[in-house]
Amino acid sequence: MLDRLFLSVPSRIIGGWGSRKELAPLLQRMGHKAALIVTDRFFSQQTALVSELQASLTASGIESLVFDGGIPDPTVEVCLEAQREIDQKGWRERIDHVIALGGGSNIDLAKVLSILIKYGGTPQDYVGEGRIPGQPLPLVAIPTTAGTGSEITAGAIIVDSASATKVAVMSNDLRPAIALIDPELTLSCPPNVTADAGLDALTHALESYLTQDSTEFDRGSDPDPVYAGCNELTRMFAAESIRLCFAYLNTAYVRGTDRPAREAMAAASLYAALSYGSAGLNAVHALAYALAGLTHASHGRTNAVYLPYVLDALRDIRRDDLAHIARSIGETATDPDELARRLVIRTRNLVAECGVPVSLAEFGVKESQLPDLIKNGLAVTRLTKAFPIQPAEAVYERIVKNAFAGTLDAERKI
């Protein structure tokens with residue numbers, strides 16, 4: 001029986017080793033004539049991917065313009081720079097679709113440009129939810145990492161340099177029209193990027209599996225919510241993502257050329273995004289944003305350090321869910337409490353195996369900074385309100401203090 005269901009995903013998802021070769025004929029079939037390719041200089045200058053993409057588009061009768069100014073954590077200024085370059089080359093009126101090639105940052109940049117090219121203005125005009133006047137230009141997302149899920153999701157994160165903060169443009173209309181998942185592209189990822197992205201995918205899957213249920217989630221009066229709580233379908237996607245992450249992430253990290261591991265992690269990232277892209281997230285991401293602001297560590301790492309401690313805090317209220325997940329990754333105990341305990345410890349161990357610190361102290365955080373981390377995490381209200389334990393203040397405090405010390409309550413009961 002379907003529970004309270006709301007699911008929003010791209011209209012087309014293409015996947016498989018080498019599947020990028022299928023894109024140009026599809027775009028031709030859809031009637032597209034002129035593409036803006038959004039990428040960065042690594043892909044345009046140090047790989048053949050951009051030139052190969054342009055050649056395939058040309059062979060299908062599609063002209064293309066490349067903007068390769070993508071950077072990690074794209075800024076408002078980069079968005080405006082891209083607009084100026086497009087205008088100077090006389091392409092604004094010609095572009096009928098945007099293709100993003102790269103990691104989540106390039107996809108986020110492309111999402112914002114898909115709005116600006118069509119509607120003009122500045123990125124700040126569209127910050128928040130539901131501020132896009134209509135459908136942006138169709139977007140094709142080709143991720144080269146396995147983790148962010150930006151090719152599925154409804155948000156674009158950019159940095160507002162005036163306030164030095166990250167802001168989000170959110171709308172279901174921002175979900176790409178085509179998500180193309182080609183695991184071959186992830187071969188270019190070095191071990192640290194593989195680990196960060198894979199742990200991000202694992203966090204997305206676990207957190208969305210355990211987030212507030214769709215029957216309880218507060219959508220307000222929004223008939224088209226970006227996030228709507230977990231439901232039967234999102235849990236199915238999340239469960240398979242979790243299984244794949246535990247089975248293959250360490251192999252992909254240690255042996256980056258292992259094709260089955262790369263394919264499995266690409267699938268894990270996709271399934272996690274299909275889950276969290278509609279279910280939403282909660283405490284891990286809320287606290288991780290605060291930690292990233294303090295340490296400037298990567299998103300995957302700031303998520304990963306908190307993940308075991310959030311699971312630990314949920315052992316009582318979500319014991320049966322944690323036990324079910326533990327069984328899916330091969331744990332065979334019969335006692336649900338023991339299964340939940342093992343999942344917490346295995347998650348912490350996987351984080352460590354991927355070379356990521358498992359305590360805030362290892363990140364260089366000082367004990368005097370913990371109150372601000374708690375306060376700033378709680379301030380991310382759109383995530384905190386979806387945490388299964390309400391009110392969240394006392395639980396956040398325990399999570400942060402345990403994460404600082406590297407102490408799991410699950411281990412105290414051995």
Step through the residues of segment 133-138 one at a time and calculate ³J(HN,Hα) from phi using the Karplus curve (6.51 cos²θ - 1.76 cosθ + 1.60, θ = phi - 60°), rounding each to whole Hz and writing x for Gly and Pro. x, x, 5, x, 4, x
Between segment 50-99 and segment 337-414, how many Å separate their Cα centres? 41 Å
Size of segment 139-191 as Cα extents on the principal axes (Å, biggest first): 38, 29, 13
Which entries in the list Lys33/Lys89; Lys89/Lys166; Lys166/Lys366; Lys33/Lys118; Lys166/Lys401 go over 20 Å, if you measure between the two C-alpha atoms of each? Lys89/Lys166; Lys166/Lys366; Lys166/Lys401
Need one word for segment 238-363: rounded, prolate or oblate. Basis is the Cα gyration tensor (sqrt eigenvalues a ≥ b ≥ c); a/c below 1.5 gives rounded, then a/b vs b/c decides. rounded
Taking only C-alpha pairs under 8 Å that are 6+ residues apart, what is the relative contact order of the chain in percent? 15 percent
Quick check: from the Cα gyration tensor, does segment 1-150 come out rounded (a/c under 1.5), prolate or oblate? rounded
Long-range amide H partners of Ile181 with built H, under 5 Å: Ile14, Gly15, Gly16
For the modelled label position 7 Å from the Cα of Ile317 along Cα-to-Cβ, which residues of segment 362-390 have backbone nitrogen atoms closer than 19 Å? 374-390
The answer for Ile37, listing residues at least 5 apart or on another chain whose modeled amide H is closer than 5 Å to its amide H, is Leu65, Val66, Phe67, Ile99
For segment 135-211, with all protein chains present and a 1.4 Å probe, just round the carbon and sulfur fraction of the accessible area to a whole percent. 60 percent
Between segment 14-43 and segment 258-275, what is the separation of their alpha carbon centroids in Å? 20 Å
Can you give the Rg and Dmax of the chain based on its C-alpha atoms, in angstrom? 20.8, 67
How big is the Cα convex hull of segment 297-414 in projection, averaged over all directions, in nm²? 7.5 nm²
Taking the square root of 5 times each eigenvalue of the Cα gyration tensor, what semi-axes in Å does the equivalent ellipsoid of segment 107-208 have, largest first? 25, 16, 13
Low-density loop cleavage sites - trypsin sites (Lys or Arg not before Pro) in segment 172-254, where at most 15 other Cβ are within 10 Å (DSSP): Arg219
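The values are calculated or read from the model by the stated rules, or taken from the named source; none is laboratory data. Not measured: the values here are computed from a predicted model. All Cβ positions, glycine included, derive from the backbone under ideal geometry; neighbour counts span all protein chains shown. With ligands, DNA and RNA removed, areas are computed over all heavy atoms of the protein, side chains included. Shrake-Rupley method; radii C 1.70, N 1.55, O 1.52, S 1.80 Å.
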